[in-house]
Amino acid sequence: MNYLRNKNFLIFVTILYVFYSFTSCKTKYDLSAEEKSSSQILHNLSSKKIIFLGENHDDVYVIKFLTNHLEEFYNAGIRYIFFETGDDGYLSDSNINEYTFEIVPPWSLYAWKYEQHILEQKIQNINKKHSTSQIKTIWPEYNLEIPQTLNPIEILNMRDNIIQKCIIDTLSTSDNNEKAIVLYGADHGSYKSEPYNFDNSLTIEWKPAGVYLKNYFGDNLCTYRFFAFDSNKAEKVIYKNKEDCVILSGKNLKNFIPEEYNNIVDHIAVYKTPIYGTIYPYIKNAQNYKVLFNNANLFFKDSYNIKTKFDYIEKLFSVYYLAYQNETGLIITYDNFPDISNNLSAPSLNETTSEEIYNLEEYMKYLYANNCIEEYLFSPKKDNTIDYIITNMLHAKKLNSRDIWPQYWLSYFLTEKAILSEKKSDYQKALQAWEALLQYDLLYASPVLKISYQKIGLCAKHLNDIEKYNFYNEKMAKVSPLLNFDYKDFIYFGY
């Protein structure tokens with residue numbers, strides 16, 4: 001589902017920001033007596049047909065929430081779950097025949113996190129116990145092809161029309177006691193159409209799936225939006241327990257969201273701490289390794305027939321994460337992979353434990369850096385964004401010393417800082433960071449080897465070290481032909 005990875009879907013202004021822009025300053029939220037979200041959902045399931053759980057793609061809290069409470073929801077009647085993305089071929093009613101996954105930049109705002117696979121494992125376990133009344137999993141947009149001529153809102157309208165039709169068609173023939181959960185991006189569940197203006201001339205209204213579903217199901221539908229919400233300079237937030245996810249009501253709800261926005265959703269659920277999901281390749285197991293190995297093999301055999309730049313990025317990442325998971329002692333590079341691939345096909349792995357997944361989620365919090373890397377790459381800023389990213393990368397390095405990305409982005413943004421300041425001392429700091437990156441074996445199996453040489457040369461040039469500048473220009477010219485692309489077309493790596 002490559003269309004889900006198109007930046008166009010990420011740039012429109014979501015209602016989430018509207019919520020926060022209206023939130024009162026210096027407000028106290030005492031949530032200790034608010035009802036738990038799981039209890040409210042169970043109450044709704046006693047009388048509703050369909051529950052819409054609105055999630056955010058960078059935060060997997062809702063996925064983990066559903067995993068933790070799925071047994072209870074099953075007992076309350078859930079027999080259908082509609083997913084926005086993440087069909088990895090694991091479940092029996094998958095659309096694909098073989099386990100696989102998409103690889104997305106871990107510092108970007110994307111779905112495809114391994115936490116959804118853990119949810120699928122929970123679904124499978126429930127289905128094994130209840131073989132005659134199983135949970136059916138459905139991906140309404142599977143194989144959807146988006147015309148390139150459509151603008152972002154036209155695409156959203158096309159998607160939401162397909163989403164609602166699939167849900168309505170499926171549930172209209174289900175038994176009355178069979179209930180459904182829709183797990184989608186929160187804005188898709190809105191009860192209100194929103195006009196969007198393009199180029200100050202073209203105004204298009206986005207009609208979310210929630211509008212259709214409300215018209216069809218009426219009071220048989222209940223929608224939730226989930227937000228991470230904790231104390232900050234403007235608000236003091238008190239939870240009874242730090243693990244709680246609760247429903248806002250009364251004064252808390254009124255302070256959190258302006259009254260005119262209440263009619264777009266039935267319930268606002270808040271929790272203390274966001275959880276930044278882990279992409280599949282960080283999870284070591286035989287299944288994931290096989291996918292990486294097969295993708296890498298395909299890349300070297302048929303790289304010039306890959307149709308889109310997103311597919312190309314994915315195959316580049318396959319080589320990198322294969323090297324990341326590799327425990328054979330062999331150093332993998334783009335140059336030597338064809339020669340050593342036979343020695344890499346089926347190694348024994350120390351599989352990632354539940355505790356290690358928790359640690360990876362903590363690592364991802366800093367590597368993701370509140371989506372600031374992606375936002376900066378698409379729209380560079382001269383504010384404190386660079387320092388914020390640098391601080392996060394220093395934290396991330398402490399949590400994962402094997403991965404190159406904290407050191408890479410540290411080097412990259414120290415260079416950005418030097419370009420803005422024009423100080424030789426800043427270029428010297430950036431150069432030292434790049435030279436530290438060269439010590440990582442994984443750099444030589446990464447998509448950023450060429451740009452790393454380029455940035456080292458840039459720093460050397462500003463430090464009047466022409467010999468070093470020429471040396472790294474020569475190295476840049478000798479990298480694998482697979483890296484001969486314009487980084488401006490692959491903006492997720494910088495440029």
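Determine the per residue accessible area of the stretch 308-361 with all protein chains present and a 1.4 angstrom probe, expressed in square angstrom.
49 Å²
Given the whole protein assembly as supplied and a 1.4 Å probe, what does the accessible area of GLU356 come to in Å², nearest 10?
Here the residue's solvent-accessible area equals roughly 90 Å².
Any idea what the dipole of the chain comes to, in debye rounded to 20, about its Cα centre with Lys/Arg Cβ at +1 and Asp/Glu Cβ at -1?
740 debye
So what is the 222 nm mean residue ellipticity for the chain from helices alone, if each DSSP H run of at least 4 adds -39500 (n - 2.57) and you divide by all residues, rounding to the nearest 500 deg cm²/dmol?
Theoretical 222 nm ellipticity from helices: -13500 deg cm²/dmol.
Quick check: at a probe of 1.4 Å, how many percent of the accessible area of the chain sits on carbon and sulfur atoms?
47 percent
How many angstrom lie between the C-alpha centres of the stretch 44-111 and the stretch 419-436?
44 Å
What residues from the stretch 61-91 fall in the zone where the backbone N is under 13 Å from a label point 7 Å along the Cα-to-C-beta line of GLN124?
88-91
Non-local amide H neighbours of LYS179 (under 5 Å, H modeled in plane, Pro and chain starts lacking H): which ones?
Placed amide hydrogens put ILE78, ARG79, TYR80 under 5 Å from LYS179.
If I fit a long axis through the Cα atoms of helix 152-171 and take the longest principal axis of the Cα atoms of the chain, what angle between them do I get, 0 to 90°, rounded to 10?
Rounded to the nearest ten degrees, it is 50.
With unit charges on the beta carbons (Lys and Arg positive, Asp and Glu negative) and the dipole taken about the Cα centre of the chain, which residue among LEU482, ILE456, LEU298 sits farthest to the positive side?
ILE456
Can you tell me what the convex hull of the Cα atoms of the chain projects to on average, as an area in nm²?
Dividing the Cα hull surface by four gives the mean projection, 25.1 nm².
Below 8 Å between Cα atoms, with a sequence gap of 6+, how large is the relative contact order for the chain in percent?
That works out to 17 percent.
Which value, in Å², gives the accessible area per residue of the stretch 398-470 when a 1.4 Å probe is used on the protein heavy atoms?
Result: 43 Å² of accessible area for each residue.
How would the stretch 416-495 be classified by its alpha-carbon gyration tensor: rounded, prolate or oblate, with rounded meaning a/c under 1.5 and the a/b versus b/c comparison settling the rest?
Prolate, because a/c is 1.5 or more and a/b exceeds b/c.
Scan around TYR29 for amide H atoms under 5 Å from its own, H built in the peptide plane at 1.01 Å from N, and keep only partners 5 or more places away or cross-chain.
Close amide H contacts, sequence-distant or interchain: LYS236, VAL237, ILE238.
Could you do me a favour and compute the accessible area per residue for the stretch 165-278, 1.4 Å probe, result in Å²?
Counting only protein heavy atoms, the per-residue value for the stretch 165-278 is 48 Å².
Please list 3J(HN,Hα) in residue order for the stretch 447-460, calculated via the Karplus relation 6.51 cos²θ - 1.76 cosθ + 1.60 where θ = phi - 60°; whole Hz, with x for glycine and proline.
Along the stretch 447-460, the couplings run x, 10, 4, 5, 5, 5, 4, 4, 5, 4, x, 4, 5, 4 Hz.
Hey, can you rank 182-189, 252-259 by average C-beta count inside 10 Å, highest first?
182-189, 252-259
The values are calculated or read from the model by the stated rules, or taken from the named source; none is laboratory data. Please read these numbers as outputs of a predicted model, since none were measured by experiment. Virtual Cβ from ideal backbone geometry, glycine too; neighbours counted across all protein chains shown. We work out accessible area using only protein heavy atoms, side chains counted, and drop any ligands, DNA or RNA first. Shrake-Rupley method; radii C 1.70, N 1.55, O 1.52, S 1.80 Å.
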